[in-house]
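Colleague: Handing you a structure now.
The values are calculated or read from the model by the stated rules, or taken from the named source; none is laboratory data. Treat the numbers as computed from the prediction; the structure is a model and nothing was measured. Glycine gets a Cβ as well: all are built from the backbone with ideal geometry, and neighbour counts include every protein chain shown.
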Amino acid sequence: MTVGYRFKRPGLPTLLFRSGLVLLGGIFFSPAYSNRAGSPMCTMEILHENRTSLHHFQLSVTCETIGEPVYYDIVLEKQGQSGKSRSRQSGKMLSQIQPQRAGQLSINIASNDKIRITAVLRNEDARVIAERSQIVTAQ
């Protein structure tokens, strides 16, 4: 169990808290998750809009903090009779409490095509803070 405290003057407890180290029974260890500032808690949805054979995909991201950098990566993989293709888009945004849209990928889908779209959000330390995957098939 990790408990974080805030101190008025920097000292050993503050340095340990900022570094993510925990003192337990005289032994320092690092927890498997981040409890440091700068790791926004975010959720996301993959938005899908179908316009005949042209499909649009976009992320809707909502975070619990404002102004923290968040990096997104969207990968779209298509498999069908015409073969395989892969598209990727990545970028940076600042966290917001209100839902905001990020990225946009569009692709033509023929009948019997299968699309897998995967989206990942990371913080400044490249740690994954949200991940989502979705499969779309054309009928």
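Colleague: Give the residues of the stretch 56-70 that are surrounded by 14 or more Cβ atoms within 10 Å (Cβ to Cβ) and touching a Ser or Thr at 6+ places or on another chain (Cβ under 7 Å), sorted by residue number.
Modeller: T62, C63, T65, E68, V70
Colleague: Where in the stretch 63-139 are there strands (runs of 3 or more DSSP E), lying wholly inside it, with at least 2 residues that are under 19 Å from T43 (Cα atoms), within 11 Å of the chain's Cα centre (by Cα) and hydroxyl-bearing (S, T, Y)?
Modeller: 69-80
Colleague: Check Q58, Q100, Q89, Q81 and return the single one that is farther than 21 Å from R127 by Cα and in contact with a strand residue (DSSP E or B) (Cβ under 7 Å, 6 or more places away or on another chain).
Modeller: Details: Q100 fails: farther than 21 Å from R127 by Cα; Q89 fails: farther than 21 Å from R127 by Cα; Q81 fails: in contact with a strand residue (DSSP E or B) (Cβ under 7 Å, 6 or more places away or on another chain).
Exactly one residue qualifies, and that residue is Q58.
Colleague: While we're looking at this one, here's another question. Quick one: how many residues across the stretch 78-102 are touching a residue at least 40 places away in the same chain (Cβ under 8 Å) and out of contact with any Asp or Glu (no Cβ under 9 Å at 6 or more places or on another chain)?
Modeller: Residues flagged as touching a residue at least 40 places away in the same chain (Cβ under 8 Å) and out of contact with any Asp or Glu (no Cβ under 9 Å at 6 or more places or on another chain) within the stretch 78-102 amount to 3.
Colleague: If we scan the stretch 37-48, do we find a residue that is within 14 Å of L105 (Cβ to Cβ), in a strand (DSSP E or B), at pLDDT 75 or above and among the β-branched types (V, I, T)? Explain how you work it out, then say what you get.
Modeller: Step one: filter the stretch 37-48 for residues within 14 Å of L105 (Cβ to Cβ), giving 46-48.
Applying the additional criterion that residues be in a strand (DSSP E or B) yields 46-48.
Still in the list and also at pLDDT 75 or above: 46-48.
Keeping just the survivors that are among the β-branched types (V, I, T) gives 46.
Yes - at least one qualifying residue is present in the stretch 37-48.
Colleague: Now, a different point. Looking at the stretch 112-139, which of its residues are within 17 Å of H48 (Cα to Cα) and of a type in the set (S, T, N, Q)?
Modeller: T118, S133, Q134, T137, Q139, listed by residue number.
Colleague: Within the stretch 58-76, track down each residue that is in contact (Cβ under 8 Å) with a residue 40 or more places away in the chain and of a type in the set (D, E).
Modeller: Listed by number, the residues that qualify are E68, D73.
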